[in-house]
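Quick notes on the structure that follows.
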Amino acid sequence: MKRLAPLLATAGLLATALPGLVASPASAAQTPEYLRQKPAWHRCSADRPAAYECAALKVPLDYQRPEGRTLDLAISRMKSENPAKRRGVLLLNPGGPGASGLVRPLSMNDKMAKDVRDRYDLVGFDPRGVGESSPIGCGGLNEVERGVGGAYRPETFASDVAWARGIADKCREKSGDVIPYITTRNTARDLDVIRAALGERTISYLGYSYGTYLGTVYSQMFPERTDRFVLDSGIDPQRVWRGMIQVWGTAAEPAFERWTRWAAERSDTYGLGTTPEAVSATFWALVARADREPIDHYGQKVTGDDIRSDPSLFFSLKEASFVVKVLKASAERPTPPQPPTEPTPTQPTPSEPGAKETVEKETVEKGAIPQAPLAGIRSSAPGVDAEPSGPGQGGAPGDNASAVYWSVVCGDTDAWPRDPQQYAREAARDKVEHPLYGDFASNIKPCAFWQRPLEAVTPIKTRAAVLTVQNEWDPLTPLSSGQGLHQALKGSRMVLGLGAEGHGAYLASPTACANISVDAYLSTGRLPAKDVTCHNPPPAPDPEGAGAR
């Protein structure tokens, strides 16, 4: 067609023969200015490879008033090195809401199979409001305000309400003119601006965690521009957003039961009980003991609520066994222990919602689950690397990730209850039905006091031939959530890694069983004929002395 173009143009036939490729002057004039931008690419920084390029676009704050205020949109790319095989662009999103994706092309460039890598320019971006894309803040939320809320107790519920209201008030006061427009639907519109700026008719996409919902919304808003989409670690679109927080409470229960069986089979190593029932009794006795009097673990006071505060713990069999063994040992010491004499691992900075990842260890964002109370103990488990702090996000305020998190979670849907007492009733109920984390999940959130959304939640009605990917034991987007995404997207296929732990399946390791199916789809565009169930390699044997302290 390129060779024929001059001839067709001479004959005056190009506009009618290739209407999708060349717009007429009249239609070009009707195209909004924000869809006619051309990025000015430049090297991102002197300490990064020259092939890693950055640019900035302008997008409307309010797409209903495109001539009004604009936001900056920071984008990055690494081009395909094989133009003969290049298909187009692959946009990358690591999750969130609130996570930066600018560095994503760097890490994915080295991880992807060459056959896949040749076909795409890898494109990263900071979503609106995040990092270098007109970042927002809430006036400096403190560490407690950056969490997702605590356990439900009737005697402290008034302070929980004050916590939730205070966050909503601070965010409204600091960024109230922008926050209503920091939503998934507007971010999906921004993706289409990126598509147009890159001169592409369609985009391909790889999104993890929250990125699966962003990709889902794009597929519904712009189905004709949706090419090869991989949605890894799925958000159930029918649960946004309160239901996705509550699923942490329901999914923690089967993970806990699985852990009790595993730990009982290794009672010689961990000493937590010889039967699942005994292991469960050991755990709950530890929680009750810490409720009466906090456990002193080398100067750190650990309460029963602290022990229950991380529902992801029991999705990692070895970490959970190690942590419970260590806390049990501390609880049984008659006197407060002295700090250990041997060097201790570096304690990681607790992840805030959607904290930005580093290039050296960039997998998937850790989500908004507060992990501070047990983070230090978990990081010292054998075979567990400490999670490093991410680099600063340009000039973004320190509470940027939290501000964006609540803006999206509260602003995408109007389904949040407005009556504080409804939260109290449901949290009390779920503390009984799902005692590990149910009350945390259902307790009051800032969304109870947030401004009403400007748009309704996105309906999922259009068929989407996309590939969904899921680990069986994913702690942040549990299996039921990934299955909900697959069922909602008619025409999709699902790749399930049986026995696989952790958040994020594709390229989580070189041997992850999902890699084969995802690589094949991204290379050929052909979905599997049916859903795929694969088996991850078994975990490495327990190191000698596992759980010793």
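Placing one equal scatterer on every Cα of the range 242-341 and applying the Debye formula, the log10 ratio I(q)/I(0) at q = 0.12, 0.15, 0.23 Å⁻¹ is -0.40, -0.62, -1.24.
The amide H of TYR205, built 1.01 Å from its N in the peptide plane, has LEU91, ARG228, PHE229, VAL230 as neighbours under 5 Å, considering only residues 5 or more places off or on other chains. In this structure, the pairs whose alpha-carbon distance is over 23 Å, taken from LYS85/LYS490; LYS461/LYS530; LYS58/LYS114, are LYS85/LYS490; LYS58/LYS114.
Under 1.5 on a/c is rounded, so check that first for the range 414-549, then, if it is not, pick prolate when a/b is larger than b/c and oblate when it is not; a ≥ b ≥ c are the square roots of the alpha carbon gyration tensor eigenvalues. Can you show the working numbers first?
Values: a/c = 2.95, a/b = 1.27, b/c = 2.32.
Note, shape of the range 414-549 comes out oblate.
So, in Å, what gap is there between the alpha-carbon centers of the range 455-503 and the range 69-84? Between the Cα centres of the range 455-503 and the range 69-84 lies a distance of 27 Å. Given +1 at the Cβ of Lys and Arg, -1 at the Cβ of Asp and Glu and no other charges, the dipole of the range 242-341 around its Cα centre is 80 debye to the nearest 20.
Given axes a ≥ b ≥ c from the Cα gyration tensor, I'd like to know whether the range 130-215 is rounded (a/c under 1.5), prolate (a/b larger than b/c) or oblate.
prolate
For the cross-link pairs LYS301/LYS325; LYS38/LYS79; LYS170/LYS445; LYS170/LYS431, which exceed 18 Å when the distance is taken from alpha carbon to alpha carbon? Beyond 18 Å between Cα atoms: LYS170/LYS431.
Each peptide among 400-407, 198-205 gets the average number of other Cβ atoms lying within 10 Å of its residues, and from highest to lowest they stand as 400-407, 198-205. Summary of packing: across the peptides 126-133, 491-498, 206-213, 270-277, the per-residue average of other C-beta atoms within 10 Å ranks them, highest first, as 206-213, 126-133, 491-498, 270-277.
Arranged from highest to lowest average of other beta-carbon atoms within 10 Å per residue, in what order do the peptides 185-195, 73-83, 509-519, 464-474 appear?
On the way: 185-195: 22.2, 73-83: 19.5, 509-519: 17.6, 464-474: 24.8.
Listed from highest to lowest mean packing, they are 464-474, 185-195, 73-83, 509-519.
Bear in mind these aren't lab numbers, they're just calculated from the coordinates by the rules spelled out. Only a predicted model underlies this, so the values are computations on that prediction, with no experimental measurement involved. Here Cβ is always computed from backbone atoms with ideal geometry, including for glycine, and neighbour counts include all displayed protein chains.
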